[in-house]
Amino acid sequence: MFESLQDRLGSILNGLTGRGALSDKDVSAALREVRRALLEADVALEVVRSFTDRVREKAVGAEILKSIKPGQMVVKLVHDELVATLGTEQVAIDLNAPSPVTIMMVGLQGSGKTTTSGKIAKRLTERQRKKVLMASLDTRRPAAQEQLRVLGEQTGVATLPVIAGQGPVEIATRAEQAARLGGYDVLILDTAGRTHIDEPLMAEMAEIKSRANPHEILLVADSLTGQDAVNLARSFDERVGITGIVLTRVDGDGRGGAALSMRAVTGKPIKLIGVGEKMDALEEFHPSRIADRILG
Ligand code: GDP
């Protein structure tokens with residue numbers, strides 16, 4: 001395991017107890033460790049830079065208190081700034097629109113889109129008593145539509161019957177009609193991914209968006225995504241326009257730096273986190289917990 005930031009900063013700063021205020025030099029030394037900790041947690045470099053600049057502004061000249069060790073004081077500053085960046089308020093999925101409210105799930109292949117579609121459908125059905133329809137628009141991976149159907153069966157959520165040969169936009173149109181005619185409250189569109197971001201993927205997402213007019217567009221991203229997280233979030237946000245992020249595999253070993261990177265570059269809230277493969281392994285996002293994890 002890495003040495004905690006608290007310990008590292010303690011050995012640099014705690015000798016300063018009893019002195020007046022943190023100098024530029026003290027802060028620079030501390031920020032080198034903060035920077036290292038963030039990079040180890042897989043926060044993207046450009047995000048690390050702007051983040052440490054903000055902490056610097058708050059730390060230089062900060063009075064050294066008797067009641068708290070200088071190392072702890074800087075850890076607290078860093079922690080508070082992490083929480084502020086990650087978003088202090090919980091933002092739920094917004095269903096405040098005429099029915100059927102359409103939620104479009106986007107992201108790379110394997111990020112957990114289909115699993116998360118099932119989890120969200122189950123949660124809305126059970127906790128908010130919503131009538132939910134799910135449709136898979138993934139015509140690239142032959143098993144994808146079947147995977148969603150099976151998840152629907154497991155969770156007791158309706159799925160749009162598959163018609164072979166239809167393309168994603170046709171399916172979206174049919175799903176919207178079925179949801180409207182069937183009196184569904186919510187329609188979840190599970191889109192196709194790719195192994196990496198490319199123009200055909202973005203063009204397909206933009207086309208589906210313009211046809212389906214979704215109220216929520218949730219970017220599903222693996223919390224283990226490293227430096228690529230910035231590029232991923234920025235591309236989807238600029239090209240398609242996301243309304244929120246769902247971070248998956250938060251049950252894994254990752255330190256959660258991707259959360260900070262994606263939130264920082266898009267300003268879009270992390271709405272939910274996936275914490276396992278099971279259909280109820282979906283939780284609200286607590287910035288403070290991810291901040292602790294990033295700090296190690
Ligand atoms: P998609 O290609 O984006 O639709 O991804 P899938 O939904 O098929 O998920 C890919 C794999 O990741 C599956 O084996 C899922 O069970 C798994 N998975 C999805 N979300 C989570 C999560 O939060 N935690 C863990 N441990 N596994 C997950």
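The values are calculated or read from the model by the stated rules, or taken from the named source; none is laboratory data. On a predicted model such as this, the values are computed, not experimentally measured, just so you know. No Cβ is skipped: glycine too gets one built from the backbone with ideal geometry, and neighbour counts run over all protein chains shown. Each accessible area value is taken on the protein alone, full model and side chains, heavy atoms only, with ligands, DNA and RNA left out. Shrake-Rupley method; radii C 1.70, N 1.55, O 1.52, S 1.80 Å.
Every residue in the range 75-132 that is of a type in the set (A, V, I, L, M) and within 16 Å of the ligand (Cβ to nearest atom), please.
Result: 103, 104, 105, 106, 108, 120, 121.
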Handout entry: Residues (assigned to a loop (DSSP other than H, G, I, E, B) and not hydrophobic (A, V, I, L, M, F, W, C)) located in the range 42-78
Key = 42, 61, 66, 67, 69
Practice task
Could you identify the single residue in 246, 230 that is out of contact with any Pro (no Cβ under 6 Å at 6 or more places or on another chain) and at pLDDT below 95?
Solution key: 230
Handout entry: Where a residue in the range 198-218 is without any contact (Cβ under 8 Å) to a residue 24 or more places away in the chain and of a type outside the set (D, E, K, R) and its partner, wherever it lies, is part of a loop (DSSP other than H, G, I, E, B) and surrounded by fewer than 19 Cβ atoms within 10 Å (Cβ to Cβ), with Cβ under 6 Å and at least six apart
Key = 201/194
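Residue under question is residue 84, and the condition is that it be touching a helix residue (DSSP H, G or I) at 6+ places or on another chain (Cβ under 8 Å) and aliphatic (A, V, I, L, M); does it hold?
On the way: touching a helix residue (DSSP H, G or I) at 6+ places or on another chain (Cβ under 8 Å): no; aliphatic (A, V, I, L, M): yes.
Criteria not met by residue 84.
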Practice task
Go through the range 208-296 and tell me which helices (runs of 4 or more DSSP H), entirely inside it, have 1 or more residues that are more than 17 Å from residue 107 (Cβ to Cβ), open to solvent by less than 10 Å² (accessible area, probe 1.4 Å) and away from the ligand (no atom under 13 Å from the Cβ).
Solution key: 257-266, 287-295
Practice task
Considering only residues that are of a type in the set (D, E, K, R) and either open to solvent by less than 20 Å² (accessible area, probe 1.4 Å) or under 14 Å from residue 189 (Cβ atoms) (or both), look in the range 133-177 and name the one that is nearest to the ligand (Cβ to nearest atom).
Solution key: 138
Problem - Of all residues making up the range 90-132, the number that are open to solvent by 20 Å² or more (accessible area, probe 1.4 Å) and either of a type in the set (A, V, I, L, M) or in a strand (DSSP E or B) (or both) - result: 6
Practice task
Test residue 151 against the criterion of being modelled with pLDDT of 95 or more, touching a Gly at 6+ places or on another chain (Cβ under 6 Å) and in a helix (DSSP H, G or I), and give yes or no.
Solution key: yes
Fill in the blank from the handout: Note: among 150, 169, just one is in contact with a Lys or Arg (Cβ under 6 Å, 6 or more places away or on another chain) and either aliphatic (A, V, I, L, M) or within 17 Å of residue 119 (Cα to Cα) (or both), namely 169
Exercise for the section: Residues being open to solvent by 60 Å² or more (accessible area, probe 1.4 Å) and not in a helix (DSSP H, G or I): count how many of those fall in the range 1-41. Expected result: 6
Handout entry: Hits in the range 191-207 (condition: among the hydroxyl-bearing types (Ser, Thr, Tyr) and either crowded, with 19+ Cβ neighbours inside 10 Å or more than 16 Å from the ligand (Cβ to nearest atom) (or both))
Key = 191
